[in-house]
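Notes follow once the structure below has been shown.
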Amino acid sequence: MEEKTKKNKWYFYVICFFVYCFLGWLYEVAWEFKIGNGFVNRGFLHGCYLPIYGFGGLILIFSLQKLMKKKLKLAKINFTPILVFLLILIVVSTVEFIASWGMEMLFHKRWWDYSYDKFNLNGRISLRNSSLLAICGMIALYLILPIVEKLVSKINIKFQKILATSIIVIMSIDFISVMIGYMIK
């Protein structure tokens, strides 16, 4: 991680969280277009971000970043990316399952259902979707994270703080307004 980023990891991780939230939102919107539903603002918040992707991305960073730097060999083959992929598969499946269950308990509504997929668990996760998310996780860790690190390191520390604080304020207001809306119903 670049020196400017190291000094303020907290700000970096908030920015990273938002980047993954936004990219997750783009992924979901593109998926809806692909399957013929046109533009659908996925998720439960109003903004163009999906917190499940931000939390998932941060969990991957915190749990796998050190492992990614190692070169674990199996018969002279670097096994690390395969192990990272398998761990991402487990992490994204767990995060998605818990988020699905938690949101259903909280809002009495299901935001996704994979019952139509051959290999699914209670319709909350499926092997097909978890595999796609694991591929996205590899892209997020090996390609997007270094780009974000490089870009954030070029941003003035004061602006990093303003940006991170703005992200927190905007997403918090969105979350509170949604929760108030659900409490009024």
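Readers should treat all values here as calculations from the given coordinates under stated rules, not as data from a laboratory. Predicted, not measured: the structure shown is a model, and the values here were computed from it. In this analysis, Cβ positions are derived from the backbone assuming ideal geometry, glycine residues included, and neighbour counts consider all displayed protein chains.
For an R0 of 22 angstrom, estimate the FRET efficiency from the Cβ-Cβ distance between residue 178 and residue 59 and round to the nearest 0.05. For residue 178 and residue 59, the calculated efficiency is 0.45. Compared with the direct C-alpha span, the chain from residue 37 to residue 135 gains 32.9 nm at full extension, assuming 0.36 nm per residue.
Label-to-label distance for residue 156 and residue 90 is 4.5 nm, based on points extended 7 Å past Cα in the beta-carbon direction. Sequentially through region 147-158, phi angles give Karplus couplings (6.51, -1.76, 1.60; θ = phi - 60°) of 5, 4, 4, 5, 5, 5, 5, 8, 8, 3, 4, 4 Hz, Gly and Pro residues having no value and appearing as x. Beyond 28 Å, the tail of the calculated P(r) for the chain holds 31 percent of the Cα pairs. Taking other Cβ atoms within 10 Å as a rough exposure proxy, 13, 49 sort from fewest to most as 13, 49. With the Cα gyration tensor of region 41-88 giving a ≥ b ≥ c as the square roots of its eigenvalues, does the rule (a/c under 1.5 for rounded; else a/b larger than b/c for prolate; else oblate) give rounded, prolate or oblate? Verdict is prolate for region 41-88. Here r is the Cβ-Cβ distance between residue 46 and residue 82 and R0 is 30 Å; the resulting FRET efficiency, rounded to 0.05, is 0.15. The local environment of residue 42, defined by Cβ-Cβ distances under 10 Å, has a net charge of -2 under the rule Lys, Arg +1 and Asp, Glu -1. Put in order of Cβ neighbour count within 10 Å, fewest first, the listed residues 55, 39 become 39, 55.
Among 76, 150, 69, the ranking by other beta carbons within 10 Å of each residue's beta carbon, starting with the fewest, stands as 76, 69, 150. Only helical runs count toward this figure. For the chain, summing -39,500 (n - 2.57) over DSSP H runs of n ≥ 4 and dividing by all residues gives -23500 deg cm²/dmol at 222 nm.
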